[in-house]
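K.L.:
Submitted below is the structure of interest, expressed as structure tokens.
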Amino acid sequence: MTHSPQSLTSLSIRRFDGRVELPSSLIHFKARHFYLSATSFVSKLPPSLESFVVTSLLKGLDFVVPLLPPSILKLDFCRKRYAEPVLSTKNLLEQLPKSLTWLNVPSSNEIDFKTNPELVSHFPSTLLQLYIVPDLPCSAWPLLPSNLTRLVCRAPKHCAVLSTMTDDHGVQHEVSSIPFDSLPRSITRLELPFTSCFCGPPPTSIHQSYFPPPLTYLSISRIHFLPNSYLLVLPIWKQQIFVNKCVHIFR
């Protein structure tokens with residue numbers, strides 16, 4: 001791209017294979033297909049790049065991350081499955097720019113938070129919006145960046161917190177509940193697609209911080225609320241921006 005305009009700041013292309021360097025003036029880059037390899041890859045990315053988005057196919061993730069400039073704010077590494085092996089997920093996450101505020105983590109056999117929830121602690125602390133395609137167990141939630149404001153992830157059903165509840169007839173039931181109280185307190189928007197869970201109160205006692213205090217949007221595919229937990233969501237619901245496909249209140 002040696003003949004591209006020197007003032008070019010945004011570029012959206014169909015395919016990039018790393019055989020030529022991107023314009024140094026770029027701030028925003030978007031490609032449908034992005035390929036990098038050990039034998040054919042650029043030596044650097046634009047120094048002022050702020051957003052890097054791949055929409056369909058990404059190859060060479062291990063080569064891309066070390067090239068990211070410190071100016072980068074947004075990374076979208078493709079919402080589809082990432083089939084190539086990753087040398088080290090821990091090293092990959094540690095190499096992410098510390099300025100990052102927006103990140104999408106692709107689905108991959110190598111990126112496994114279910115068996116390695118501690119990997120979450122290696123996300124940049126500057127993150128405000130996080131989209132995770134792989135399953136994110138509830139045990140990893142306390143390790144999320146403390147200033148996170150938006151989280152989109154899929155929590156495995158078996159990772160919920162178990163507690164015992166007593167119904168109006170005195171019969172005890174085991175309840176599998178989502179531990180909303182373990183999420184960063186800064187979250188304002190939470191989306192849990194493909195999650196089905198019975199939502200009772202915390203195992204100890206109900207308190208107003210069960211949900212993050214600034215939470216204004218909650219989206220869950222299917223959820224069942226106990227009345228006392230339901231009351232905690234009413235302030236959110238009254239703002240008419242509480243969204244989920246199926247809510248059932250047990251009494």
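K.L.:
Between residue 125 and residue 182, how high is the FRET efficiency from 1/(1 + (r/R0)^6) when r is the Cβ-Cβ distance and R₀ = 30 Å? Nearest 0.05.
P.N.:
So the FRET efficiency works out to roughly 0.95.
K.L.:
Another one. Per 0.36 nm of contour for each residue apart, how much would the distance between residue 8 and residue 63 grow if the chain were fully extended, relative to their Cα-Cα spacing?
P.N.:
Result for the pair: 17.4 nm of gain on full extension.
K.L.:
Need one number: nm distance between label points at residue 172 and residue 209, each 7 Å from Cα along Cα→Cβ, rounded to one decimal.
P.N.:
Reported label-point gap for residue 172 and residue 209 is 2.9 nm.
K.L.:
Okay, next question. For the pair residue 112 and residue 217, how long in nm is the line joining their label points, each one 7 Å along Cα→Cβ?
P.N.:
Placing both labels 7 Å beyond Cα along the Cβ direction yields 3.4 nm.
Values quoted throughout were computed directly from the atomic coordinates according to the rules given, and no laboratory measurement underlies them. This one's a predicted model, so the numbers in the text were calculated from it and none came from an experiment. Here Cβ is always computed from backbone atoms with ideal geometry, including for glycine, and neighbour counts include all displayed protein chains.
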